[in-house]
Amino acid sequence: MGENVDGTEPDRHAVVESCSFCSCIVSYQFYECYWHESDLDKEIQHFFFHQQCTDCADLSKKESLCEFCEHLRLGHLVRCGMYGDWLKRRFNIDDPEGASWGITVSFGKLQDIRQRAEHCESCCIILQTMKSEHCKLDDSFYFRLHPLDRSDEFDFYIDCKGDRLAGVLRSLNLAERFDLQRLQPPLRVDWLQVRAWLEGCNKEHGAECNPGSLQSAPPGFRLIDTEKGFVVVAPPHPCTYAALSYVWGVTADSYVRATKSTMEELETEGYLFNHPLPATIQDAICACSHLKIRYLWVDRLCIVQDDEATKDAQINAMGAIYRHSSLTLVDLEGLDMNHGLPGVTEDRYTVPTIYQTQGMCLRTVQTSYDNLVRRSKWCSRGWTFQEAMFSPKMLLFTNTGVFYECPGYDEAFQEDRFVLERREGRRFCFSAFDYGDLLSEFTGRTLTFDSDILKAISGILHWRYGSEHYFGIPFCEFPRGMLWYPSSERNVARTQEAGSMFPSWSWSSVIGKVQLPYLWYHPILSGVWVIPSTGIEKAPVHIIRPHTERREWDEAAIIRGLEVVLAWKKGCFLGRLPPMLNVNTTWRQYSDMIRSKWASLDHLIEEALGLNEIDFDRMFPSFAQGTLHPGSLLTHTQSVRVQGIELLEKEKAELHTTSGNLAIERDFIDMNWEWLSDNFSKNPDLCFDVLALSFMDEQNYSFIGSAPQNMQKYWYDSDGDTLRWDLHDPKSDFVTFKANVMVVETKDGVSRRIGIAKCYLQAWVSVSPEIRSFILV
């Protein structure tokens, strides 16, 4: 790049200082050098805006530009300022590869830009591209000019930003002749590029991307033979297949689907080639042909929809089906199955506008991959959640282009180079989901049929927990899972239709997003909880046992062990208290006793609960008589009868019980407390109980040397020392214990959840709770 140096240094500085437009620079960065406008090198400013340049002199001669843009010389900034040699020489940089370059310019207020745009081509381009319809006239706009990461030699951004996200322009190829075709995304899928992605993944990545073929197929597992156009029973040997993830939508019943009556037709060779199919399924078959994948799994055509036994088996096996697919094809933007996969058999209809100004070729930038996913109908659906979580490799079809995502790459690949913001990390990562996060994400989605809520998550639960879950709550997550609460007051009860059951104690009983306490929340079971059998056998299917994941007596386990011991001594557990604990001693001596007698926290809890001495016939006579309701959950735990309620300020309430008043912490979202209070006065025959669900510990921050406030909520040993988080550190935080409780309405021998709350363990003990049996439905 060539430039002319004109004038002495003092003259150049004088020109810059007298120029009102040069103050438009907000900041400038090159390599490791960074300036704000106040101390910007005048020589650099002069080079940017005033020095004559033979290479750029003719760039804008034929264009109509305002004074601001004539001074800005955007084409010169890019050609000579960003990619020229002058700055390299100025800073003695031999190899600026990886250098950070950028200039932030104040482009003026919206009203000024609009006035300039009437006669200025560059202002008009920027005004058209930035989203200014909701901005105020006096809002200021800035743009930042910087190289495009992962770029070709002449790529860069112009980010136009105001108080709100405005828009982005990006240019390409500042060579003498513009290659406009390179600016446009292809109208059809670039299958050569897609195959290169897949081949690279297959060669470079391990089992995380390529877990192998499905070894144990569910009963009735079928696939579409894309070469011969019909549905076949999956070959007995492991085979390679793709899977389709899409939105069924309202057109679901207008096309053929697999039923007992249609299977004979679907299994006729060529049938799918000779009969109309939804566009998305038709395009998926075509995509498999391009990718040389013979078999395709599509739920609509491969699951016999009216064979309930086979259907349930395949729904439970969704994890394995998607996990072992060679590729999942995703219709990301479709609202129904007629949308098709953009770019497969029909041209994409999203064509970005291309502009030319000051020797540059500019185009609007497509929205980011993250935004495409987040805003899609596909991402809002419950069924597609598990499909995305299980799929190791996904090819997502959009009008912007196709995206490829797999665990082996840190970010998604894309056809269109000019898609805004690549994100760090995968968009979908099943292994990263804690049960609480998984539940929150899943319940925030929608289903065409609300009654499908448990079916739509069963694949995930079976994959992660096997058969050890009950109405959406895994056995190992039971203490925390029972503490679910709606995230919004708009949540409503889910209607129980024929063949479906949503017990009140399960999160599946409400429509809308639900949440669990934080992951560090470690509640300890406070009673015996039994999941009854659904058959004729009289033995319970499962006794919920502690799963604290504390295999050793570390600091946290000891505190929770002390919690169990203190509650046990207060009569909160059914098991017989060992004589060694029936003493008043120091915290350290209690700790030594716990370590010496029990191998782990789980062993301690099991003995406190008396799980090895359960008399089921005595605890649950209704169970012994075989009179249980569907969806029942049996519990033998402490409870108190509620006779009235008084609502207090700051999310507090006082329950009037037969043994005194119980102060609890209430949650406005989880329970309609006003409704509960009104019902006591209007319906004196209603029976409400408060059941102990679990106990938990809380750390209370303490100042060094300070005494605990509200002495009644803390615990003291024989020396009068307050229980602290670290038994060996007298300056560590104080510890309190609380009881998590469930308010239930009991009628005709069964109880239904009203809501959950919590109270201090001392307060719970003070109302003399009794251990009783309940059947929750």
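Taking the Cα centre of each part, how many Å lie between segment 295-319 and segment 446-487?
19
Can you return the lysines within cross-link range of Lys682? Criterion is Cα-Cα under 21 Å, with same-chain partners fewer than 8 residues away left out.
The reachable lysines, counting only those whose Cα sits under 21 Å from Lys682, are Lys747.
Go ahead and collect, in residue order, the members of segment 220-249 whose backbone nitrogen is under 16 Å from a label point 7 Å along the Cα-Cβ direction of Ser289.
Within reach of a label on Ser289, which here means backbone N under 16 Å from a point 7 Å along Cα→Cβ, segment 220-249 contributes 224-231.
Give me the extension gain from Cys687 to Asp719: residue separation times 0.36 nm, minus the current Cα-Cα distance, reported in nm with one decimal.
7.1 nm
Would you list Cys572, Cys22, Cys209 from fewest to most Cβ contacts within 10 Å?
So the ranking, lowest neighbour count to highest, is Cys209, Cys22, Cys572.
Take Asp299, Asp347 and order them by how many other Cβ atoms sit within 10 Å, fewest up front.
Asp347, Asp299
What shape does segment 555-776 take by its C-alpha gyration tensor, where a ≥ b ≥ c are the square roots of the eigenvalues and a/c under 1.5 counts as rounded, a/b above b/c as prolate, and the rest as oblate?
oblate
For Trp587, Trp378, what ranking results if the residue with the fewest other Cβ atoms within 10 Å of its Cβ goes first? Intermediate values should be presented prior to the final figure.
On the way: Trp587 21, Trp378 24.
Least crowded to most crowded, the residues run Trp587, Trp378.
Given Cα pairs under 8 Å that are at least 6 residues apart, what percent is the relative contact order of segment 555-776?
23
So which chymotrypsin sites (Phe, Trp or Tyr not before Pro) in segment 472-535 end up in coil per DSSP with only 10 or fewer other C-beta atoms within 10 Å?
Those that pass, being in a loop and sparsely packed, are Tyr518, Trp520.
Sorted by packing (mean other beta-carbon atoms within 10 Å per residue), highest first, where do 759-765, 451-457 land?
Values: 759-765: 21.1, 451-457: 19.4.
Sorting 759-765, 451-457 by mean packing, highest first, produces 759-765, 451-457.
Which value in nm describes the separation of the simple spin-label points at Glu654 and Gln128, placed 7 Å from the Cα toward the beta carbon?
7.1
Quick one: which residues, 5+ away or cross-chain, put their amide H under 5 Å from the amide H of Glu651? H built at 1.01 Å from N.
Hits under the 5 Å cutoff: none.
Starting from 0.36 nm per residue, how many nanometres of slack lie between Arg595 and Thr495 once their C-alpha separation is accounted for?
Stretched out fully, the Arg595 to Thr495 stretch lengthens by 31.1 nm.
Coordinate-derived values only; no laboratory data. Nothing here was measured: the structure is a model prediction, and the numbers come from that model. Cβ sites come from the backbone with ideal geometry, for glycine too, and all protein chains shown count toward neighbours.
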